[in-house]
1. Kindly check whether there is at least one residue in region 509-518 that is touching a strand residue (DSSP E or B) at 6+ places or on another chain (Cβ under 6 Å), buried (at least 21 other Cβ atoms within 10 Å of the Cβ) and of a type in the set (D, E, K, R).
2. Of all residues in region 174-212, which are modelled with pLDDT of 95 or more and among the basic types (Lys, Arg)?
3. Between residues in region 127-139 that are closer than 13 Å to Thr156 by Cα and residues that are modelled with pLDDT under 90 and among the basic types (Lys, Arg), which pairs lie under 9 Å by C-beta distance while being six or more apart or on different chains?
4. Have a look at Glu226, Glu187, Glu248, Glu238 and point out the one that is surrounded by fewer than 20 Cβ atoms within 10 Å (Cβ to Cβ) and either more than 30 Å from Glu355 (Cα to Cα) or small (Gly, Ala, Ser) (or both).
5. Kindly list the number of the only condition in (1) loosely packed, with under 15 Cβ neighbours inside 10 Å; (2) over 25 Å from Glu410 (Cβ atoms); (3) at pLDDT 95 or above that fails for Glu352.
6. Among the residues of region 579-596, write down those that are touching a residue at least 60 places away in the same chain (Cβ under 8 Å) and among the charged types (D, E, K, R).
7. Kindly provide the set of residues from region 153-169 that are in contact (Cβ under 8 Å) with a residue 24 or more places away in the chain and within 21 Å of Ile67 (Cβ to Cβ), ordered by number.
8. Can you find even one residue in region 444-451 that is part of a loop (DSSP other than H, G, I, E, B), outside the structural domain of Leu350 (by TED's automatic domain parsing) and over 28 Å from Val363 (Cβ atoms)?
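The values are calculated or read from the model by the stated rules, or taken from the named source; none is laboratory data. Computed from a predicted model, the values in this text were never measured in an experiment. Every residue, glycine as well, gets a Cβ built from its backbone with ideal geometry; the counts of neighbours run over all protein chains shown.
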Amino acid sequence: MAETSAKNYKFKAEVSQLLDILTHSLYQHRDVFIRELISNAADALDKIRFKDVQGDTFADSDLPLKISITLDKEARTFTIADTGIGMTDEELKQNIGTIARSGTADFLKTLSQEKEGDLTLIGRFGVGFYSVFMAAEKVVVVSKSADPHAAAWRWTSDGKNSFKIEPAPSATKRGTAITAYLREDAEEFSEPLRVRTAIEKYSNFVPFPIELDGETVNTVSAIWREPKSRVKKKDYHEFYKFIAHQHEDPLTWMHFSADVPIQFHTLLFVPRSNFEHLGFGRDEEGINLFVKRVMIDPHAKEILPPYLRFVRGVLESDDLPLNISRETLQENPYLMKIRNTVVGKFLTHLAEFAEKQPDDYAVFWEQHGRILKEGYNDYSQKDKVAALFRFNSSASGDEKKLTSLDEYIERMPEKQEEILFLSGASRDALVNSPALEFFQSRKIEVLFCYDPIDEFVLPGLLEYKGKRITSADQTDLGKLKEAVPAESGKDEETGEIDIKGLEKLTRRMKNILGVRVEDVTLSDRLVSSPAMLTGRDKHMSSQMEKIMHMVNKDVTLSPKILEINKRHPFIADLLTIYEKDAKDPLLTKLVNSLFSSALLLDGTIDDPHTMAASIQELMIDTAGMYIENKK
């Protein structure tokens with residue numbers, strides 16, 4: 001039987017402990033209490049709407065379903081009222097009084113483990129109402145149940161040890177009104193702008209009107225829950241600008257809903273600009289996670305992998321619990337299934353975007369490609385990620401023309417077994433690199449990589465659609481010759497080349513260069529250049545070794561092999577000088593200069609002063625010999 005007069009009650013010990021923490025501490029996110037009270041009001045409205053759908057009888061059936069917030073700066077009060085299910089005196093006592101909900105103990109345990117006392121977690125433990133005491137010195141709750149025969153009741157507490165419940169005959173309409181008498185240090189929550197900001201931050205998509213001093217605040221609709229056929233392009237653009245705080249239209253977006261086995265809705269956007277590229281870092285990555293239209297986490301990094309951190313948008317699932325925390329997000333089985341589905345769908349969307357809007361995709365790749373490349377090690381989605389990669393290549397007309405791995409494979413000779421790439425600082429550097437000559441002579445396409453991360457990405461993929469991915473300076477030229485013969489159908493004849501003499505010359509050159517080279521050999525890859533440097537490490541490309549050296553100066557560059565072109569006229573001249581006098585000083589100078597030029601082309605010159613002195617000395621000698629011959 002309900003009480004008919006005021007009665008005092010003691011809080012349970014755990015509730016008292018929680019309230020003591022809330023009333024005696026200052027926290028960075030105190031506005032979270034507004035989110036929690038709005039969420040409770042929305043739940044109450046949902047319950048009365050469910051009764052209406054079922055055809056149940058309840059009090060004040062003509063009342064509009066809404067949430068009203070009124071502020072009084074002079075009285076320093078914050079009042080939130082709803083026309084929801086309401087509570088009886090017994091429900092008031094049980095819901096916000098003597099019974100410590102199971103979440104209270106869990107919340108207190110988590111709070112004690114948080115270094116900074118993150119009270120944004122409070123709503124995830126079913127104790128959200130108590131957050132009002134972060135800002136209030138006294139709270140009054142007036143509620144009238146939807147039961148047509150129920151009376152109205154008032155709950156009052158200062159958040160210390162007890163609360164009071166008494167009749168409230170002045171309340172004649174169904175619903176609940178909570179008035180917070182704000183502490184002096186929380187008077188900001190009697191300011192309309194401050195409260196509006198909190199509503200837009202946390203509760204803008206609650207499915208009921210939220211009025212602030214008579215004006216509806218939540219005017220942006222949750223379009224991610226709407227059928228795509230009902231949403232116009234301008235609606236997507238406006239929503240993106242609101243949710244991402246951007247002024248540009250997005251490049252593309254994916255609007256997707258699923259019902260089985262898990263229900264969720266998602267709307268993901270690709271920004272036109274790269275925030276990291278603009279210097280804003282990764283702090284704001286992650287999409288907005290909603291549960292029952294209530295913001296749970298504005299930067300939920302668990303939804304998408306790091307290589308999609310440029311994406312902005314929302315995901316909502318009613319199958320996730322409202323009390324989910326960041327710690328449990330990663331372990332939640334529902335979320336893991338949602339993540340796998342969303343990532344797969346989004347990568348498919350990007351592939352379709354690339355096919356249908358290649359010009360816009362080129363903008364996407366320029367802005368976000370470097371981040372997307374980090375997905376090379378996502379083995380569950382590896383092929384989908386790799387299909388999105390774009391590179392310049394030796395078959396491209398200029399540095400702006402890009403190709404995909406699929407397009408490269410389509411153009412490959414039938415017997416070619418590898419996707420070949422070569423890294424360098426620019427297209428000009430690679431086109432003119434001696435390392436490319438062999439492949440150019442056979443019209444074998446080579447991908448050009450200008451980004452140092454490519455040295456990790458492409459080898460990290462290992463293979464794509466059955467084709468191994470190999471650096472061009474590490475491939476087996478013998479096998480490639482067999483697979484892709486020279487254009488004439490056979491390799492060039494050796495002719496009158498003195499192979500034995502050249503082999504002796506290489507030994508003399510090795511003796512001249514000493515420890516600066518691993519060896520000097522006759523080349524099978526050079527066509528027009530006299531010499532080039534190649535790495536001895538078959539497990540690390542030349543460019544990768546240089547990157548490792550740049551990252552850590554303690555990692556020394558290992559001596560390389562100097563390959564010489566047995567058909568080049570300059571090498572023939574060196575052989576002539578060698579055969580006349582193996583110790584001719586000019587031979588030594590020419591070999592040193594050849595080595596310096598090879599270093600320069602390789603990009604590994606570490607002593608430019610010595611190289612310059614050597615060239616100048618050779619120039620002086622050459623000029624002197626020319627003058628002597630003219631006499």
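1. Initially, region 509-518 is screened for residues touching a strand residue (DSSP E or B) at 6+ places or on another chain (Cβ under 6 Å), giving 509-510, 517-518.
Then drop every residue that is not buried (at least 21 other Cβ atoms within 10 Å of the Cβ), which leaves 509.
Going one step further and asking which of them are of a type in the set (D, E, K, R), we end up with none.
Looking for residues that are touching a strand residue (DSSP E or B) at 6+ places or on another chain (Cβ under 6 Å), buried (at least 21 other Cβ atoms within 10 Å of the Cβ) and of a type in the set (D, E, K, R), one finds none in region 509-518, hence no.
2. Correct list: Arg174, Arg194, Arg196.
3. Qualifying pairs under 9 Å: none.
4. Working: Glu226 fails: either more than 30 Å from Glu355 (Cα to Cα) or small (Gly, Ala, Ser) (or both); Glu248 fails: either more than 30 Å from Glu355 (Cα to Cα) or small (Gly, Ala, Ser) (or both); Glu238 fails: either more than 30 Å from Glu355 (Cα to Cα) or small (Gly, Ala, Ser) (or both).
Only one candidate qualifies: Glu187.
5. Of everything listed in (1) loosely packed, with under 15 Cβ neighbours inside 10 Å; (2) over 25 Å from Glu410 (Cβ atoms); (3) at pLDDT 95 or above, Glu352 misses just condition (2).
6. In the first step, residues of region 579-596 are kept if they are touching a residue at least 60 places away in the same chain (Cβ under 8 Å); the result is 579, 582, 587-588, 591-592, 594-595.
If the condition is that a residue be touching a residue at least 60 places away in the same chain (Cβ under 8 Å) and among the charged types (D, E, K, R), then Glu579 is the only one that fits.
7. Correct list: Trp153, Trp155, Ala168.
8. Step one: list which residues in region 444-451 are part of a loop (DSSP other than H, G, I, E, B), which gives 444-446, 450-451.
With outside the structural domain of Leu350 (by TED's automatic domain parsing) added as a condition, the list becomes 444-446, 450-451.
Narrowing the set further to residues that are over 28 Å from Val363 (Cβ atoms) leaves 444.
Checking region 444-451: at least one residue is part of a loop (DSSP other than H, G, I, E, B), outside the structural domain of Leu350 (by TED's automatic domain parsing) and over 28 Å from Val363 (Cβ atoms).
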